[in-house]
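Below is one structure, written out as structure tokens, with a few remarks after it.
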């Protein structure tokens, strides 16, 4: 299942074009550091995020923020809103890494 980066129905001018781009760049960056990360985040999100280390914190956090922003804008899209637990993990993992 591919990651949806934009809601199905958008009000004209309500989504900055940078959101899907930021999410795509973030996922590609994580894929270069951890093979097949973007596929793994859809099949086993906890295991995918557990592989992240302190070097991944910034990229992980900002990728999660851009994904949550797309969800926030597309609140009327149930499929997109259902993805919320995945990017939520992106913000939890950096907080745990800081404590280590």
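Brief remarks on what is shown
- In terms of surrounding Cβ atoms within a 10 Å radius of their Cβ, 92, 98, 41, 71 rank from fewest to most as 98, 92, 71, 41.
- Residue exposure sequence - 91, 38 - by fewest surrounding Cβ within 10 Å: 91, 38
Read-outs: derived from the displayed coordinates by stated rules, not from any lab. As the structure is a prediction and not an experimental result, all values here were calculated from the model. Cβ sites come from the backbone with ideal geometry, for glycine too, and all protein chains shown count toward neighbours.
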